[in-house]
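Since every read-out is calculated from the coordinates, none of them should be taken as a lab result. Please read these numbers as outputs of a predicted model, since none were measured by experiment. Every residue, glycine among them, receives a Cβ derived from its backbone with ideal geometry; neighbour counts consider all protein chains shown.
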Amino acid sequence: MGQNRWKNRWRRLDNTAKIFPVIANENVSQVFRISVTLKEPVDPELLGRALEKILPEIRNFRVKMRRGLFWYYFEENDRIPQVKRENTYPCRFIDPHGNQKFLFRVTYYEKRINLEVFHALTDGLGAVNFLKCLTRQYLRLAAGAPEFMTRDDENARKQEVFHVQDSYLEHGEDGKPRCYSSRPAYQLEGHYLPLGTGQVLHGYVPVSCLKAVCKQHGVSITKYLAAALIWSIWQEYLGGKSSRRAVVLNLPINLRAFFGSDTMANFFAVTMIGWLFRNPDIPFEVLLQKVSSQMDRKIEKDKLAESIAYNVSNEKKWYLRAIPLFLKAPALSLVFRLKDRAYTMTLSNIGPVQMEPEYADLIERFHLMIGVSRRQPVKCAVCAYKDEMVITFTSVFADSRLQKRFFRKLKEDGVPVRFEGNELSAAAKRDMYPRVRKVLIRRGGAEEKATRMAKQVGNTGVDAAKGIRDYVSGRRSWKEELKRRLHI
């Protein structure tokens, strides 16, 4: 009996999740955020009660991470998570030893509820379903409904709370293993903002207008956005000239629809979509068709099965499984760094978010954003609700060159865009997030001031190594250096 109880309290990480605890730290958080904006201010007391109510029924989120001899693993967490007001930049590192040892956090700000998730726990779809479940329970409590659930509520909950089996292992034999490309792609460069900060820029786009443009070109929305982003990088960073390295996007693909899975653990694959600009006269329409054909060729079940088989085959090799974790970790980190250089940036589109009719009118919109780092400086995330699509850029660069070029392309094609962002963005409206630091970025000259701030803070690396001798000898004060770098 005791052995069965212990077996039910722990489980292995899924195939993809194994890499995230190894590479995650304060600078590379591997955290993403899905948030919902309501039409009324959030009541933190009700939000805490809603979270406490649903968490016991969602096993996948009710865990903490433990370090084993060969791999990390999940163990059941009996603590109660805390709901806090948002007071940091989005997608910060989730310390597995803090935060009541949970691998997610729930925060609020004015009318918005934020769910931030460490990627080892789940992927975008799992996080969306958790947030929908939390939002539904919160809105029921806000409407004065009893805390016990009706039969209809229970049926809706059962449709959303998925199993947590490792679907990678279930479908690991479906294809012939095929490794990922590690050929270096073009890398974005710029002046970095201080460590721990970052800019967030949201572009609000009418779905109907975007669909009309895509229909004219005969492509899907994701294909059009991918081509527009590749085009914008080429125009802004390469000046529209030929390049020795391809501009490559990393596109996460939800595998559940392809393989009939309902797991709430990670179940996605990534595909590389890009173009090597040898001909500087290529028009956008030609690039769009090239990108479309690439996606048609790569995003199909047999190709995706090959990626799954490759990942699973490595996990099953006995000589790799027998290596202790303290030896695996450096090797996995090196492999990740090599794969990291194979793409320019990430574009993730989770598609439309649906809510039941009784809750739909109480919700304004959803946002999705992905954590960035100096190794992955810019990322783009897309989601939609009703007739509004939100395209979110997160960046550690002081400028907004790429974002401006991308949205300018959409406007040129007849798609109207409205902007919001945080205090470090170039948006005119920057009050949707709390002001974290005493850094005022005015609309006029905002990017120039942010760039000066980044230069003043400086980069880690060579300069830091040279300064170690001064810190040890006492000629420089590490306390003063922290104040300077962190603007305390």
Loop trypsin sites (Lys or Arg not before Pro), the stretch 100-136 (other Cβ atoms within 10 Å of the site Cβ: 10 or fewer; DSSP)
none
Sorted by packing (mean other beta-carbon atoms within 10 Å per residue), highest first, where do 339-352, 83-96 land?
339-352, 83-96
With the crude spin-label approximation of a point 7 Å out along Cα→Cβ, what separation in nm comes out for residue 176 versus residue 217?
3.4 nm
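In which sequence would 231, 71, 10 go, from the one with the fewest C-beta neighbours within 10 Å to the one with the most?
The order, fewest Cβ neighbours first, is 10, 71, 231.
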Label points 7 Å out from Cα along the Cβ direction at residue 387 and residue 412: separation in nm?
2.8 nm
Computed over the Cα atoms of the stretch 63-143, what is the ratio Rg over Rh, Rh following Kirkwood?
0.99
Between residue 302 and residue 435, take the C-beta separation as r, use R0 = 51 Å, and let me know the FRET efficiency to the nearest 0.05.
0.50
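Express in nm, to one decimal, how much length is gained between residue 23 and residue 87 on full extension, taking 0.36 nm for each residue of separation and deducting their alpha carbon distance.
Here the segment from residue 23 to residue 87 would lengthen by 20.5 nm.
How do 420-429, 20-29 rank on mean C-beta neighbours within 10 Å, highest first?
420-429, 20-29
Can you flag which of 303/339; 339/404; 101/339; 18/53; 223/409 are past 21 Å Cα-Cα?
339/404; 101/339; 18/53
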Cβ-derived FRET efficiency at R0 41 Å, residue 143 paired with residue 323, nearest 0.05
0.15
What does the extension gain come out to for residue 316 and residue 208, with contour length at 0.36 nm per residue minus their alpha carbon separation?
34.2 nm
Distance in nm between pseudo-label sites at residue 245 and residue 100 (7 Å out along the Cβ direction from Cα):
4.4 nm
Karplus-derived HN-Hα couplings along the stretch 46-63 (A = 6.51, B = -1.76, C = 1.60, θ = phi - 60°), whole Hz, x at Gly and Pro:
5, 5, x, 5, 5, 5, 5, 6, 8, 4, x, 8, 10, 4, 4, 8, 8, 9
